[in-house]
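To keep things clear, I will list the structure first and then write my remarks on it.
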Amino acid sequence: MASFNIVMPKLGESIQEGTITKWFVKEGDTVEEDDMLFEVATDKVDSEIPSPVDGVITKILFPEDSLVAVGEVLAVISLDGEVEESADAVETAAAETTETKSETETTAESNVDDSRKLSNRFYSPLVKTIAKEENVSLEELESIEGSGAGGRVQKKDILDYLENRGSAKATAPAPEKKVAAASATPAVERKAPAPVTVGEGDTVVEMDRIRKLIADHMVMSKQVSPHVTSVVEADVTELVLWRNKNKNAFQEKHGDKITFMPIFTEAVATALSEFPLVNSSVDGDKIIMKRDINVGIAVAKPDGNLIVPVIRNAEQKNLVGLTKDLNRLANAARTNKLDPSDIQGGTFTITNFGSFGNIIGTPIINQPQVAILATGIIEKKPAVLETPSGDVIAIRHKMYLSLSYDHRIIDGALGGAFLRRIADILENFDTNRTI
C-alpha cells in the first residue's frame, strides 16, 4: 500500500521543534490536498498545516500537546484510500524517521519551494502547483490576500484570484532579506525556586503554554545578562502638537492611524545606526554586530500574554512605512494571525509602559538582544524654560524613557549616550515635515 509520511515542518530558520496544539483529523478520515491536518505552535505563533496529498489518515503518531522535533513523522496517509489494519504504517514511519531527519532541510525547502528564498509566506504544494500551471509569478502570489491562518493562501484564494486576475488586492509584505538566527547564548544553571505552600481558599491556576515560554525566557535573560537601567526625561511637546495637528489628515491620506509608537521606532532606528554596538548580540566571548536594524515592538494580546512582532530594516523606512508595518503587525498579533517569521530576527525591542498609564519601567532584555527601551506615558507638567528675557514656567508634554542594557558589553557611558540620543531626536522632532 502506497503511503505518505506527514512530518513536522520547519517553519522558521531558528525553529527546531513545535508543539501539536490541535488535530483537525482523526485516523480513518479521508483528506484532500490542502485540507487542514493539524495546528502547530512554534515559539508564540500557531500555524495551520495543510495536507500535501489526497488520501486516508492511517495513523496519527503523536497526540495533541506533544513537543516534536522538526522532521519527525507525525502521521501516515494512505495514498490508495485504504486503511491499514496492522501496525505496518507505524513501523514504516519509524524506520523512515532517521532518513527524514537527515533530510529535514530538503523537506522544508520542498514544502516551501524556491519561493522560500525570497518570501516568508508559506505556500502549500497544491497552491504552488496551481500557480505554476497558470503561470502565476512569485510577485503575483505574494499579492494574493490569504484567508488561512497567518494570511496563508489557500486553494480557493488562488482560484478566486485567477477568476479576477489582476484585481487581487495586495496585502502581503514585500519580500525581504533573511536574517541570520542569533547564536545561542550559553546555558546558565538555574537555581531551585523557593517552596510555595497552598493555603485554604487559594486558587491554583495552571500556566498556559505561552506564559510558560515567557516565564522561562525572562528568567533566562536575567541569569544570562547583568541588567543595568538608565532613565531620562524627554520634553516631547513639539512632537505631541505635530501629531495632534496632523493625525486626522494622516489617516485620511494613508488609511492608517498614526500613534506615537512609529515615531519612537523611527528615533530608535536612527540612534541604533549611530550606536551599532547596541544593535548586537553576545555569543560567548564574541560580539555579533548586526547589519540590519530589526526593531521588535512588544504587543499585549487579549489573553494577557505578550508577543514581539518585528519591523525589519526599520532604519530604511519613513514614518508612513513604519506606521503601516506597525499597525499590520499589531493587528495580526491581537488576532493570532502572525506568521512565525513575524517574530524572528529582532535586534532591539521597544515596550510601551505608557499604554497602561505607567510613567516608567525597568524592562527585561529580550535575548539574544543586548538592550530594550521602555516608553512611559506622556503627561503635561510644569517646566522651567529659558527665554531671552529670563526663566519662565510653562506647561510641557513630558515622558520618561528607560533603557535596560547588557552590562557585559554596554557600559554606562554608551548606554546613557544612546538613550540621550533617542531623547534628543524626539525633543527636536521636525514639525515641518509633510505627511
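Values for this structure:
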quantity	calculated
Qualifying helices (runs of 4 or more DSSP H) (wholly inside region 182-283; at least 3 residues being in contact with a Phe, Trp or Tyr (Cβ under 8 Å, 6 or more places away or on another chain) and either within 30 Å of S66 (Cα to Cα) or assigned by TED's automatic domain parsing to the domain that holds I372 (or both))	237-254, 261-274
Test result for A75, at pLDDT 80 or above and either under 30 Å from K212 (Cβ atoms) or of a type in the set (A, V, I, L, M) (or both)	yes
Any hit, region 340-353, residues being within 22 Å of Y400 (Cα to Cα), out of contact with any helix residue (DSSP H, G or I) (no Cβ under 7 Å at 6 or more places or on another chain) and not in a strand (DSSP E or B)	yes
Filter result (surrounded by fewer than 22 Cβ atoms within 10 Å (Cβ to Cβ), in contact (Cβ under 8 Å) with a residue 60 or more places away in the chain and either acidic (D, E) or assigned to a helix (DSSP H, G or I) (or both)) within region 323-338	K324, N327, R328, A332
Count of region 298-312 residues which are part of a loop (DSSP other than H, G, I, E, B) and in contact with a helix residue (DSSP H, G or I) (Cβ under 9 Å, 6 or more places away or on another chain)	8
Test: residue in region 412-432 that is of a type outside the set (D, E, K, R), modelled with pLDDT under 95 and over 18 Å from P276 (Cβ atoms)	yes
Options I311, I364, I359: the member that is touching a Phe, Trp or Tyr at 6+ places or on another chain (Cβ under 7 Å), at pLDDT 95 or above and either surrounded by fewer than 21 Cβ atoms within 10 Å (Cβ to Cβ) or of a type in the set (V, I, T) (or both)	I359
In region 13-41, residue modelled with the lowest pLDDT [restricted to those that are of a type in the set (V, I, T) and out of contact with any Gly (no Cβ under 8 Å at 6 or more places or on another chain)]	I15
Residue satisfying condition, being touching a residue at least 40 places away in the same chain (Cβ under 8 Å), small (G, A, S) and surrounded by fewer than 19 Cβ atoms within 10 Å (Cβ to Cβ), within set A267, A249	A249
Residue in region 14-26 that is nearest to I210 (Cα to Cα), counting only those that are part of a strand (DSSP E or B) and among the hydrophobic types (A, V, I, L, M, F, W, C)	I20
Hits in region 28-40 - residues which are among the charged types (D, E, K, R) and surrounded by 15 or more Cβ atoms within 10 Å (Cβ to Cβ)	D29, E33, D34, D35, E39
Only one of K44, K10, K59, K101 that is at pLDDT below 70, at negative phi, in contact with a helix residue (DSSP H, G or I) (Cβ under 6 Å, 6 or more places away or on another chain) and not hydrophobic (A, V, I, L, M, F, W, C)	K44
Any hit, region 421-431, residues being within 29 Å of V320 (Cβ to Cβ), surrounded by fewer than 15 Cβ atoms within 10 Å (Cβ to Cβ) and either under 21 Å from the mean Cα position of the chain (by Cα) or polar (S, T, N, Q) (or both)	yes
Options P63, P50; residue that is in contact (Cβ under 8 Å) with a residue 12 or more places away in the chain and in contact with an Asp or Glu (Cβ under 6 Å, 6 or more places away or on another chain)	P50
Filter pass, K10 being among the basic types (K, R) and over 24 Å from L338 (Cα atoms)	no
Qualifying residue in region 237-260 (condition: within 15 Å of L373 (Cβ to Cβ) and of a type outside the set (F, W, Y))	no
Residue match in region 213-225 (condition: of a type in the set (K, R) and over 26 Å from L319 (Cβ atoms))	yes
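To keep it simple, each residue is scored yes or no on (1) assigned to a loop (DSSP other than H, G, I, E, B); (2) outside the structural domain of D342 (by TED's automatic domain parsing); (3) out of contact with any Leu (no Cβ under 7 Å at 6 or more places or on another chain).
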residue: F4; (1), (2), (3): no, yes, no
residue: G12; (1), (2), (3): yes, yes, yes
residue: G28; (1), (2), (3): yes, yes, yes
residue: E39; (1), (2), (3): no, yes, yes
residue: E48; (1), (2), (3): no, yes, yes
residue: P63; (1), (2), (3): yes, yes, yes
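The values are calculated or read from the model by the stated rules, or taken from the named source; none is laboratory data. Note that the coordinates shown come from a computational prediction; the quantities given were computed from them, not determined experimentally. A quick note on method: Cβ atoms are made from the backbone with ideal geometry, for glycine too, and the neighbour counts reach across all protein chains shown.
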